[in-house]
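Novice: Dumping the structure here so I can ask a few things about it.
Every number here is computed from the coordinates shown, using simple stated rules; none is lab data. These numbers were taken from a predicted model, which means no experiment stands behind them. When we count neighbours, we look across all protein chains shown, and the Cβ atoms used for this are built from the backbone with ideal geometry, even at glycine.
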């Protein structure tokens, strides 16, 4: 084997490592942009207060009375099962530019569980989602709805979400 070939074979692991590190760095920045909550979002308050999205439809309203309702099907909501998340927005907010729902578990890193909703009508949007099983047995999630209205304003609504066990627990 020539010296040049040995040098290239020695360089190959270094190039692979640099490629892996660059990929991680790029993904980290992309994920930070996806996860970052909108800084100037208009907060909508849950209505009724304390509504559990796992038990039935929930709503939210802003200071001017504009409302959004959200529903998660099927019920009971379970981890590791296909879920349909549907929202209906006040006509004053429609048509939306975009809508996403972000599922998080308070106090637990469950990875990125953000889903983009697609319009079905100007006032109804939906997405298919699936929640992972918490290996620590947690079942209390938070659903955060992020909307961008026709004027580019950001809106945010949150609801608690209690889920039944997934396939592994048999619940």
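Novice: Work out the FRET efficiency for residue 82 and residue 156 from their Cβ-Cβ distance, taking R0 = 30 Å, and round it to the nearest 0.05.
Specialist: The pair residue 82/residue 156 has a calculated efficiency of 0.75.
Novice: Something else now. Note down the nm distance, to one decimal, between modelled labels 7 Å out along Cα→Cβ at residue 61 and at residue 90.
Specialist: Taking the two extended label points, one gets 0.9 nm.
Novice: A further question follows. Give the distance, in whole Å, between the Cα centre of segment 64-96 and the Cα centre of segment 109-163.
Specialist: Distance between centres, Cα-based: 8 Å.
Novice: Between residue 142 and residue 9, what length in nm is gained on full extension when 0.36 nm per residue of separation is reduced by their alpha carbon distance?
Specialist: Stretched fully, the residue 142-residue 9 segment lengthens by 42.9 nm.
Novice: Something else now. Tell me the label-point distance for the pair residue 49, residue 135, using the 7 Å Cα-to-Cβ offset, in nm and rounded to one decimal.
Specialist: 3.9 nm
Novice: With a cut-off of 8 Å between alpha carbons and a minimum separation of six or more residues, what is the relative contact order of segment 42-162 in percent?
Specialist: Relative contact order comes out at 30 percent.
Novice: To continue, here is another question. Can you sort 123, 116 from fewest to most other Cβ atoms within 10 Å of each residue's own Cβ?
Specialist: The fewest-first ordering by Cβ neighbours comes to 116, 123.
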